[in-house]
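Rule-based calculations on the coordinates, nothing more; no lab input. As the structure is a computational prediction, the values presented were derived from the model and not from experiment. Note that we place each Cβ from the backbone using ideal geometry, even for glycine, and neighbour counts take in every protein chain shown.
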Amino acid sequence: LPRAPGTIVVCAPGYPGTPAAAQPVMAAFARDAAAAAGWPPGSVRAVYYETAAGGLKRLAQPDAVLALVSLPFFLQHETALGLAPRLQVAQESGAAETWGLAARRGRVASPAALDGFEITGAAGYAPEFVRGPVLSGFGPLPETTRITFTPNVLSALRRAAAGEPVAVVVDAAQAAAMTSLPFGGDLEIVARSPAMPGTLLCTISRRLKERDAEALAGGLLRLHTRPDWAATLGSLRMTRFEAAGAAALDAARSAFAAARAAGAGDPRP
């Protein structure tokens, strides 16, 4: 067992909740993870951060042994934090995530039409992720295109539908929900990414002994098999953990690295 309790840091920039509000479900998640791994109560903790800055600060603390993070966050900080993916999260729609770019219907037929546009969304805190894994298949963006972060995707979609020079990066659930919006008919998805992992569970800088990492990962893989544990996963909008898809993750890494290299020295946000 770990000599001291280890902490799972859950970081999802742009998604709802606060550390305090999420703590009851984080406590239940930690309790069930420990039990599934065969560890005593209190041997695992879990904390949630809805900002990249908060998550990074917490991940720097030595008791943080696992990170449960979104793919953009992982790609941004994989090397600096020593993140090693172990598992990926499956939601009701599956473990793969497909990102889309929403714009006013008929306005964006090609990347060139995004001249002077703002591309915004919850993934906008990682511009290389937007330019690379999300939009590299669509084509290079004009130099005048700005990428920004907003957690308020609904407001951004409303701006786009109203005709402002705005396009919005949406995940699969957000894209599906667009059709139910009063102004949804004024919007369309103009580009889609390949399927890629949505959320990854990673070890951090080898802080956890390999046998302990294997035990905890093995426990997490079993969480969906018991109704009470599955209910805790459901409260986190998860259905199960599964092995990380290496091929899709490598493709996302390559597209991210290419976008980062192309943007070296680029003054755009």
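Hey, of [x] 120; [y] 144; [z] 134, which did the structure itself give for volume of the Cα convex hull per residue in Å³ when calculated? Of the labelled values, this structure produces [x]. For region 137-269, the calculated P(r) over all alpha carbon pairs, in 5 Å bins from 0 to the bin holding the longest distance, is 2, 7, 12, 14, 16, 15, 13, 10, 7, 3, 1, 0 percent.
Distance between the modelled labels on Ala173 and Ala84, one decimal in nanometres: 3.1 nm (7 Å Cα→Cβ projection). Among the trypsin sites (Lys or Arg not before Pro) in region 1-63, those placed in a DSSP loop whose Cβ has at most 14 other Cβ atoms within 10 Å are Arg3. Each Lys and Arg Cβ is given +1 and each Asp and Glu Cβ -1; about its Cα centre, the chain then shows a dipole of about 440 debye. Within the chain, DSSP assigns beta bridges of which about 60% are antiparallel (rounded to the nearest 5). Placing pseudo-labels 7 Å out from each Cα toward the beta carbon at Ser180 and Ala261 gives an inter-label distance of 4.3 nm.
Between Thr51 and Arg226, 0.36 nm times their residue separation minus their Cα-Cα distance comes to what?
Details: separation 175, 0.36 × 175 = 63.00 nm, distance 3.15 nm.
Extra length from Thr51 to Arg226 when fully extended: 59.9 nm.
Amide H contacts under 5 Å for Tyr48: Val10, restricted to partners 5 or more places along the chain or on a different chain, H placed in the peptide plane at 1.01 Å from N. Helix 71-81: angle to the longest alpha-carbon principal axis of the chain, degrees 0 to 90, nearest 10? Its long axis makes an angle of about 60 degrees. Distance from the alpha carbon centroid of region 223-259 to that of region 1-75 works out to 15 angstrom.
Count the DSSP beta bridges whose two residues both fall in region 85-220, then state the antiparallel fraction as a percent rounded to the nearest 5. Among the beta bridges of region 85-220, antiparallel pairing accounts for roughly 65 percent.
For a quick check of your reading of the filter: which GluC sites (Glu not before Pro) in region 26-113 sit in a DSSP loop and have no more than 15 other Cβ atoms within 10 Å? Kindly include the intermediate steps, with their values, before the conclusion.
Working: sites: Glu50, Glu78, Glu92, Glu97; in loops: Glu50, Glu92.
For GluC sites (Glu not before Pro) across region 26-113 that sit outside H, G, I, E and B with at most 15 neighbouring Cβ atoms in 10 Å, the list reads Glu92.
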